Amino acid sequence: MGGAGVLVVTGPGLVVDPDLIRETAEPEFAALGVAGRCAVAAGPESLRDLLTGAGQDDRLALVVLPGPDPSARRLAHEPGPHADRTVWYDPVRTGPLGVAPGGTHLAGRGVWGLVWAVRHAVHRMRHPARRVGYGTDPDQWGELRVPDQAARPVPVAVLVHGGFWRSIWGADLLDALAIDLVGRGVATWNLEYRRPDRYGWAATTADLADGLAALATVTGVPPLDIDRVAVIGHSAGGQLALRAAADSGRVALAVSLAGVLDLAEAERRWIGTGAVAAALGGTQAELPGLYAAADPLSRLPLGIPQLVVQGRDDDPDLVDIGRRYARAARAAGDEVTHLEQPGDHFSVIDPTSAIWQATATELTRRLARQAS
């Protein structure tokens, strides 16, 4: 990205203190090693002028918080040289905001979500991905990144984001892992999928299966080695990843990063303030068959090598679930490595953390072994 930077623009009428926007964004600029600044648009025309000016610098990533003004929000639809470098971010929950081709929209994560929007904008500029749809819905796609100058077919990591199965969270959560793995010689297929809070549990399950199957039709340079596929899921995505891997039967390794691997107990403990029951549409007592099909613990043995990773400083319920799941999987005859080290819920998806470094080393070792 060289001398490029990030411009964070606050639109008219946004109900957030402008100083807090700056105080939130500036540490992230420093952490990412980019020059950044914040600007406030007094009205829609001022916002348009800022977008037009940014379009003249192809090294500038934009994060735009448009606010509630309809005229300002309509600017997200307008094409221009800035469009594919722009992340539109709403701190409040909204419906989908149609954006010009190449742009993205995140919403509903509060002020802290600005951190993720800045990261997403920078990652997209530094390490562009090829987005490929596997269905007709706007949430049915994967982003492909491949290593440079690989001479032979490369293994693939399918990434499944978490977020308690809620639509405010998306595939951008795993941008940094995708980039790190590509640097280690592993192609990445970062999946977006329809979340159950908007589409229902059946749609989510179907999308994971379809997104995984779509790998066979995705072409890359270098080509993808679909006999060396690891499915990696974080948090709620850990449950989805292990379930999809078990359903597929054509996966070399399934990896859970702080995954919710015992749905019945997670529902009884009200993890995520009822996230499990909300996602599946009821409690385990009400929907025993649905839980049995979805729950990795109930599905044992999966018949697939597994890597269960858990930060010791995470929610104690997740630490407990990880330990009990690993013991049960081994007892059922599965090949399981349980990696528990210091770290919190997000350390396991932070490429700079010790626990991710250990995870990536084990992952690449396993995939290399599959090739031998």
- request: Could you tell me whether segment 258-372 comes out rounded, prolate or oblate from its Cα gyration tensor? Rule is a ≥ b ≥ c as square roots of the eigenvalues, rounded for a/c under 1.5, then prolate if a/b exceeds b/c, otherwise oblate.
  value: oblate
- request: Name the residue farthest towards the positive end of the dipole of the chain from the options Ala354, Ala202, Pro305, assuming +1 on Cβ of Lys and Arg, -1 on Cβ of Asp and Glu, about the Cα centre.
  value: Pro305
task: Within segment 86-135, report the chymotrypsin sites (Phe, Trp or Tyr not before Pro) that DSSP leaves as loop and that have at most 11 other Cβ atoms within 10 Å.
output: Trp112
statement: Ranked on Cβ counts within 10 Å of their own Cβ, fewest leading, Trp201, Trp169 go Trp201, Trp169
field: Degrees, to the nearest 10: 113-126 long Cα axis against longest axis of the chain
entry: 90 degrees
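Please list the three semi-axes, largest first and in whole Å, of the ellipsoid equivalent to the chain, using sqrt of 5 times the eigenvalues of its alpha carbon gyration tensor.
On the way: eigenvalues 246, 109, 70 Å².
Semi-axes (√(5λ), whole Å): 35, 23, 19.
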task: Only Cα pairs under 8 Å and at least 6 apart count here; give the relative contact order of segment 132-235 as a rounded whole percent.
output: 40 percent
statement: With a Förster distance of 35 angstrom and the Cβ-Cβ distance between Ala4 and Ala42, calculated FRET efficiency to the nearest 0.05 equals 0.85
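Sorting Ile168, Ile321 on the 10 Å Cβ count, fewest up front, what's the list? Numbers along the way, then the final one.
Details: Ile168 18, Ile321 27.
Sorted ascending by nearby Cβ count, the order is Ile168, Ile321.
What percent antiparallel are the DSSP beta bridges of the chain, to the nearest 5? Please list the in-between numbers first.
On the way: 9 of 54 bridges.
Rounded to the nearest five, the antiparallel share is 15 percent.
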field: Of the trypsin sites (Lys or Arg not before Pro) in segment 14-86, those whose Cβ has at most 15 other Cβ within 10 Å and which sit in DSSP loop
entry: Arg59
message: How tilted is helix 316-331 with respect to the longest principal axis of the chain? Cα atoms for both, answer in degrees (0 to 90, nearest 10).
response: 40 degrees
field: Top of Val154, Val122, Val218 by mean-square fluctuation, Gaussian network on the chain, Cα under 10 Å
entry: Val218
statement: Using alpha carbon centers only, segment 33-53 is separated from segment 77-145 by a whole-angstrom value of 18 Å
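Give me the extension gain from Arg22 to Asp137: residue separation times 0.36 nm, minus the current Cα-Cα distance, reported in nm with one decimal.
Details: separation 115, 0.36 × 115 = 41.40 nm, distance 3.49 nm.
Answer, rounded to one decimal: 37.9 nm.
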field: Shape of segment 5-124, Cα gyration tensor, a/c cut at 1.5
entry: rounded
message: Under 14 Å from a point placed 7 Å out from the Cα of Val15 along the Cα-to-Cβ direction: which residues of segment 101-125 have their backbone N that close?
response: 108, 110-111
task: Take the Cβ-Cβ distance between Asp49 and Ala202 as r, set R0 to 56 Å, and report the resulting FRET efficiency rounded to the nearest 0.05.
output: 0.75
task: Give me the angle, in degrees from 0 to 90, between the Cα long axis of helix 201-213 and the longest principal axis of the Cα atoms of the chain, rounded to the nearest 10.
output: 90 degrees
- line: The simple spin-label model distance between Asp317 and Asp210, using points 7 Å out along Cα→Cβ, in nm, is 3.1 nm
- request: Using the number of other C-beta atoms within 10 angstrom as an exposure proxy, rank Leu144, Leu181 with the fewest first.
  value: Leu144, Leu181
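Just so you know, all these numbers are worked out from the coordinates, no wet-lab data involved. Just so it is clear, the model here is predicted, and its values are computed rather than measured. FYI the Cβ positions are ideal-geometry reconstructions off the backbone, even for glycines, and counts take in every protein chain you see.
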